[in-house]
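Step one of this worksheet: look at the structure below.
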Amino acid sequence: MNSRSAPQLPYPDYWCSIAYYELDSQVGETFKVPIVISVVTVDGYTDPSGQGRFCLGQLSNVHRGEVVERVRLHIGKGIQLDTRPNGDVWIRCLSEHSVYVQSYYLDKEAGRAPGDAVHKIYPNAYVKVFDLLQCHGQMQQQIANEQATAVAQAAAVAGTTAGLITTAPSLAGVGVDDLRKLCILRLSFVKGWGPDYPRQSIKQTPCWIEIHLHRALQILDHVLHSLPADDFRPATEH
């Protein structure tokens, strides 16, 4: 399997699903976007949601506080998510306020360690936030790194005989949760988080969304099922 060509699999029925959160609680149902709709808008208005539009304004939450209410008023036109035929994803900020994104693709572009940064997208900006081929390559790299670590640990325990090294089991295993993070985008409206902001976690921001990219998750599933059964650790609950 080559990191420059993703596995040829049937396309999923939905290209992404979007969950909306206020602080650490999901509000409303997860919104799924069919593969035939390549552009979806997430905004703060109260219109009924359609297939290509997720309106956060009409979602109620009995526990909603004043800070969340204020931020919701500023979501406005929100964002547009755009997927390309090759599986890449772009975001356009339609809001009058910046949005903040956790993106492994942008981490790489900025020369940061994966998951180390939060990226600010300014109003009217149109930014690529996900590259399917890069994601696939990163999956393979993380799996290879974990397997190499496992072999080294087994060799250290059993001795450094060449025969033991080649037959050592994968003690460390591959963490499915860490791999799934490669297939997920997180975005907060109006308020940032991370090392440069008072809020350290996105779960401390008033309004945010989590976007699961189904094509990438499908490829991850394919990659994991190509491994020996004891080479990966099962995912934990989100």
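The values are calculated or read from the model by the stated rules, or taken from the named source; none is laboratory data. Note that the structure is predicted; figures quoted are calculated from it, not measured. Reconstructed Cβ throughout: ideal geometry from the backbone, glycine too, with neighbour counts over all protein chains shown. Accessible surface is based on the protein model in full, side chains and every heavy atom, while ligands, DNA and RNA are left aside. Shrake-Rupley method; radii C 1.70, N 1.55, O 1.52, S 1.80 Å.
Annotations for the structure displayed:
- Just one residue in the set Ile209, Ile219 is of a type in the set (A, V, I, L, M, F, W, C), open to solvent by less than 30 Å² (accessible area, probe 1.4 Å) and in a strand (DSSP E or B); that residue is Ile209.
- Subset of region 133-147 that is aliphatic (A, V, I, L, M) and more than 15 Å from the chain's Cα centre (by Cα) - its residue that is surrounded by the most Cβ atoms within 10 Å (Cβ to Cβ): Ile143
- Of all residues in region 103-118, those satisfying the criterion of being open to solvent by 50 Å² or more (accessible area, probe 1.4 Å) and not in a loop (DSSP other than H, G, I, E, B) are Lys108, Glu109.
- Only one of Gly87, Gly57, Gly76 that is assigned to a loop (DSSP other than H, G, I, E, B) and within 30 Å of Gln8 (Cβ to Cβ): Gly87
- Answer residue from region 83-99, given it is modelled with pLDDT of 95 or more and open to solvent by 20 Å² or more (accessible area, probe 1.4 Å) and is nearest to Ile37 (Cα to Cα) among those: Thr83
- Lone qualifier among Gly173, Gly194 - being modelled with pLDDT under 85, farther than 24 Å from Lys32 by Cα and open to solvent by less than 10 Å² (accessible area, probe 1.4 Å): Gly173
- Region 28-72 - residue that is among the hydrophobic types (A, V, I, L, M, F, W, C) and farther than 25 Å from Leu213 by Cα and, of those, surrounded by the most Cβ atoms within 10 Å (Cβ to Cβ): Val71
- For beta carbons closer than 9 Å, sequence separation of 6+ or different chains, a first residue in region 71-87 that is without any contact (Cβ under 8 Å) to a residue 60 or more places away in the chain and under 16 Å from Asp47 (Cβ atoms) and a second that is open to solvent by 20 Å² or more (accessible area, probe 1.4 Å) and of a type in the set (Phe, Trp, Tyr), the qualifying pairs are Gly76/Tyr45; Lys77/Tyr45; Gln80/Trp90; Gln80/Tyr126.
- Residue satisfying all of: in region 119-132; in contact with a Lys or Arg (Cβ under 9 Å, 6 or more places away or on another chain) and β-branched (Val, Ile, Thr); most open to solvent (accessible area, probe 1.4 Å) among these: Val127
- Neighbours by Cβ (under 9 Å, 6+ apart or cross-chain): first from region 25-46, at positive phi; second open to solvent by 60 Å² or more (accessible area, probe 1.4 Å) and of a type in the set (S, T, N, Q): Gly28/Gln58; Gly28/Ser60
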